[in-house]
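Each remark here refers to the structure printed beneath this line.
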Amino acid sequence: MQFAIIAYDFDDALERRIQSRDDHVERLKALAVQGQLVSAGALLDNAGKMIGSNVHLTFETRASLDQWLASEPYMENRVWEDVQVREIKLLSI
């Protein structure tokens, strides 16, 4: 199953984001090696400031995604405040 995570940061999360970024990226790299990471990047406001994240992943089940998400550094360290998860179907070209 394919999923999109759209996550908006707490207003005061920039320092926590910076401190957590290496661990966050390492986990995404591990998913990439397993073929589960489709794409990932920052959400920006109109001024170009990071305000969140957008991640496309594949997991066998929503439960397995939820388990992975529960230990995501941006979740544990209160970077992401509003996290939306949607099942998606990405176009393969």
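The values are calculated or read from the model by the stated rules, or taken from the named source; none is laboratory data. Source: prediction; values computed, not measured. With ideal geometry, Cβ positions are generated from the backbone for all residues, glycine too; neighbour counts draw on all protein chains shown.
Each row is one residue, and each column tells you yes or no for (1) touching a strand residue (DSSP E or B) at 6+ places or on another chain (Cβ under 8 Å); (2) free of Cβ contacts under 8 Å to residues at least 60 places away in the same chain; (3) of a type outside the set (S, T, N, Q).
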residue	(1), (2), (3)
Ala4	yes, no, yes
Phe10	yes, no, yes
Arg27	no, yes, yes
Gly48	no, yes, yes
Gln67	no, yes, no
Pro73	no, yes, yes
inquiry  = Can you pull out every residue in region 22-45 that is farther than 15 Å from Trp68 by Cβ and surrounded by 14 or more Cβ atoms within 10 Å (Cβ to Cβ)?
reply    = Leu43
ask   = Of all residues in region 1-21, how many are surrounded by 14 or more Cβ atoms within 10 Å (Cβ to Cβ), among the hydrophobic types (A, V, I, L, M, F, W, C) and farther than 10 Å from Val79 by Cα?
value = 4
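Is it the case that region 59-74 has a residue that's at pLDDT below 95 and of a type outside the set (A, V, I, L, M, F, W, C)?
No - not one qualifying residue is present in region 59-74.
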request  = Take the residues in region 46-66 that are outside any strand (DSSP E or B) and within 13 Å of the chain's Cα centre (by Cα), then tell me which one is surrounded by the fewest Cβ atoms within 10 Å (Cβ to Cβ).
outcome  = Asp66
